[in-house]
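Down below is the structure, laid out as structure tokens.
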Amino acid sequence: MAIPPKPSGNMAENADADERPPILSSWKQIYAIVLILHALIILMFYLFTHAYA
Amino acid sequence: MDFIDWTVMLGTLTAIVAYGVWKTRSVTSVKSYLMGDKDLPWWTIGLSVMATQASAITFLSTPGQAYQSGMDFAQFYIGLPIAMVILCIFVLPIYYRLNIYTAYEYLEGRFDLRTRTLTAILFLIQRGLAAGITIYAPAIILSSILGWPLNNTIFFIGLIVIFYTVFGGTKAVSVTQKQQMIVILTGMFIAAMVVIFKLPPDISFNDALSIAGKSGKLDVISFDFDPSSRYNFWSGILGGTFLFLSYFGTDQSQVQRYLSGKSLSESRLGLLFNGIFKVPMQFLVLFVGILVFVFFQFQQPPIHFNDANLQRFEGTVYEDSLAQLQTQYDLLFEERRSEMQEMLMGIREENPNTIETSKEQLNVLMQREEMLRGQVDSLILHQAPEAQVEDRDYVFITFIMNYLPHGLIGLLLAVIFSAAMSSTSSELNALATTTVIDIYRRSVVKNKSDHHYLNASKGFTLLWGALALFFATTASLFENLIQAVNIIGSLFYGPILGIFAVAFAMKSIGGRAVFLAAGLGEAVVILLFILDKQEVINLEYLWLNPIGCLAVMLFAWLLQPLVGKKVVA
């Protein structure tokens, strides 16, 4: 089996450039949506907790 | 269980396995067997990742946890979406660019062969033992409730999993997991609906939530920074992110799921799918437990949820003592039910005085109930000192067996068996892949044909399956085996994470330094473990994870100037 090559330092950036997300124009926007959705879920948990406490 | 339940359960499980076998009938190469032709779309990856993490214990134990302690366990998962985003940005592109089969292959490119081999062996020991427990833990609960012999239940789960995992490899694991997750989510959603419809006619959904809330069961989130509380926002966001980075980034049973994606984009979307839906799914599972709690405020629950423990008393001198406790428990329940109705009236009339008085009264009644249940536990231990009296894991399955209509009992049992099979299949698949790719093909039998390695992969899957069955069937012979496996896992998990943390974050560290650091880090972990056992220090074994990780990072940093050559990042 071939020994895998050593990764280069800017590999993540290169891979990012290779692959565009299927929706929206960049992965940054998709990550932002995931984190915003998560923040909304946490907010809903907070409101749920206080509504029935 | 009647004929309909058997038909639904066996029909569901057979359909899933048959679909998996049919979809993977053309697997003829190692790449296809271990990487699934790298053609999986994001939704299959996402469901597969979720199914790998969700074992049968998740669906047996989590509703029971909510029943007993409320919904704060949801905070354990708060760090997960953040970990998914970090992995998508920094780790997935590296794994994809290197076109690797296992996470440990990356370590050879980054450091050297011995670091890769060491890490792979640590994973094999830890995950090999865990695979047996993944079968044993739900089997002991299901055999007790269904009245099946324990070994039959173990073999029922184990042999089906081994069959389709050996047959179709990683693709069989992923496609069956997709079906299993659909069954699991559908089953849990239907269970939630049924509990709501089973509540007394005068109790609305909003009443049910109010009762749960006033009973302190709906505290989903707490922003209080309290190191002594196990679950709060801060432990979830800090500890959880750290834990899920290590689990999803370095554990081959997860890495293999997303490496079989069609492209980097599909794998990223699969992990992000998990990041978005995992927390709501755990909320649903916990919420089912809350609804069961409300249900048992109006329908008398058993004095002890593991019926097999109560059956031990039949024809013994303790039978009368149990009957007396049961009579007291019946009276107490009636008192509690009427007090609960009082509190409900207070809630509807928005009368804080009535609510507060009823809450205080209910607390007293619940304490008396806990005392009675404790007395039953003591009786059980008198009768059978080896018995497990913790009955939290039996709450949900008791509800399923006693209160769900026929047909749905079969479906919910299919949910639990599906969960057991989905996590076990991932483990067997990852164990075989690591054995073949990181040990057998790399260091033992090199340069053989693709057909040879395909057969070796199938053989190692079978071998690990047999070992898992052996561990599962002998687990009951060893006291506290589950805890022992968890401790063994904690002895290795920290140093493994430390090696990967150095690989990703400390670019100037070379192979020799990290290999020595891993050995020293492992020694520190084992030393601390022994000191704790000798009662020289007091350290819970879960702390060994971060200590092991940080020790490897620290030692690697200190050793690099002494033993290592400068690595060009």
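Against the test of being open to solvent by less than 50 Å² (accessible area, probe 1.4 Å) and of a type in the set (A, V, I, L, M, F, W, C), the options B:Phe73, B:Phe3 yield a single qualifying residue, B:Phe73.
Is the stretch B:359-382 home to any residue that is touching a helix residue (DSSP H, G or I) at 6+ places or on another chain (Cβ under 8 Å), surrounded by 14 or more Cβ atoms within 10 Å (Cβ to Cβ) and part of a loop (DSSP other than H, G, I, E, B)? No; the residues of the stretch B:359-382 include none that is touching a helix residue (DSSP H, G or I) at 6+ places or on another chain (Cβ under 8 Å), surrounded by 14 or more Cβ atoms within 10 Å (Cβ to Cβ) and part of a loop (DSSP other than H, G, I, E, B).
With respect to the stated conditions, B:Ile145 fails to be within 30 Å of B:Ala212 (Cβ to Cβ), open to solvent by 10 Å² or more (accessible area, probe 1.4 Å), aliphatic (A, V, I, L, M) and at pLDDT 90 or above.
Residue selection: B:Phe223 fails the criterion of being closer than 30 Å to B:Val173 by Cα, open to solvent by 10 Å² or more (accessible area, probe 1.4 Å) and either at pLDDT 90 or above or assigned to a loop (DSSP other than H, G, I, E, B) (or both).
Total residues in the stretch B:195-220 satisfying the condition of being of a type outside the set (Lys, Arg), more than 8 Å from every other protein chain (Cβ to nearest Cβ) and surrounded by 10 or more Cβ atoms within 10 Å (Cβ to Cβ): the figure is 13. Restricting to the stretch B:85-100, what's the tally of residues that are over 25 Å from the mean Cα position of the chain (by Cα) and hydrophobic (A, V, I, L, M, F, W, C)? Number satisfying all stated conditions: 5.
Before we move on, is B:Ile160 of a type in the set (A, V, I, L, M, F, W, C) and over 22 Å from B:Thr44 (Cβ atoms)? No. Residue pairs whose Cβ atoms lie under 8 Å apart, separated by 6 or more positions or on different chains, with the first residue in the stretch B:214-227 and in the same structural domain as B:Asn353 (by TED's automatic domain parsing) and the second open to solvent by 20 Å² or more (accessible area, probe 1.4 Å) and modelled with pLDDT of 85 or more, do not occur. Scanning the stretch B:490-510 for residues that are part of a helix (DSSP H, G or I) and open to solvent by 10 Å² or more (accessible area, probe 1.4 Å), which turns out farthest from B:Phe111 (Cα to Cα)? Taking the candidates together, the pick is B:Leu491. Scanning the stretch B:441-455 for residues that are in a helix (DSSP H, G or I) and either modelled with pLDDT of 95 or more or surrounded by fewer than 19 Cβ atoms within 10 Å (Cβ to Cβ) (or both) gives B:Ser443, B:Val444, B:Asp450, B:His451, B:His452, B:Asn455.
The set of residues in the stretch A:6-53 being facing chain B (nearest Cβ under 7 Å), open to solvent by 80 Å² or more (accessible area, probe 1.4 Å) and modelled with pLDDT under 70 consists of A:Lys6 alone. Flag: B:Ala308 matches the condition of being closer than 28 Å to B:Leu404 by Cβ and either open to solvent by 60 Å² or more (accessible area, probe 1.4 Å) or in a helix (DSSP H, G or I) (or both).
Here B:Gly168, B:Gly158 are screened, and the one residue that is touching a Lys or Arg at 6+ places or on another chain (Cβ under 8 Å), closer than 17 Å to B:Ile16 by Cβ and crowded, with 22+ Cβ neighbours inside 10 Å is B:Gly168.
So is B:Asn402 within 28 Å of the chain's Cα centre (by Cα), loosely packed, with under 14 Cβ neighbours inside 10 Å and closer than 23 Å to B:Ala208 by Cβ or not? Yes. Listed here are the helices (runs of 4 or more DSSP H) enclosed by the stretch B:40-142 that have at least 1 residues being at the interface with chain A (Cβ under 9 Å from one of its Cβ atoms): B:42-53, B:80-86, B:92-98, B:103-110.
Conditions (1) open to solvent by less than 30 Å² (accessible area, probe 1.4 Å); (2) out of contact with any helix residue (DSSP H, G or I) (no Cβ under 6 Å at 6 or more places or on another chain); (3) within 25 Å of B:Ile221 (Cβ to Cβ); (4) among the aliphatic types (A, V, I, L, M), marked per residue:
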residue: B:Gln256; (1), (2), (3), (4): yes, no, no, no
residue: B:Glu266; (1), (2), (3), (4): no, no, no, no
residue: B:Gly270; (1), (2), (3), (4): yes, no, no, no
residue: B:Gly275; (1), (2), (3), (4): yes, no, yes, no
residue: B:Lys278; (1), (2), (3), (4): yes, no, yes, no
residue: B:Pro302; (1), (2), (3), (4): no, yes, no, no
residue: B:Arg312; (1), (2), (3), (4): no, no, no, no
residue: B:Leu331; (1), (2), (3), (4): no, yes, no, yes
residue: B:Glu356; (1), (2), (3), (4): no, yes, yes, no
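The values are calculated or read from the model by the stated rules, or taken from the named source; none is laboratory data. Being a predicted model, the structure only gives us computed values, none of them experimental. Please note: Cβ atoms are built from the backbone with ideal geometry, for glycine as well, and neighbour counts cover all protein chains shown. Quick note on the areas: whole protein, heavy atoms, side chains included, nothing else; ligands and nucleic acids left out. Shrake-Rupley method; radii C 1.70, N 1.55, O 1.52, S 1.80 Å.
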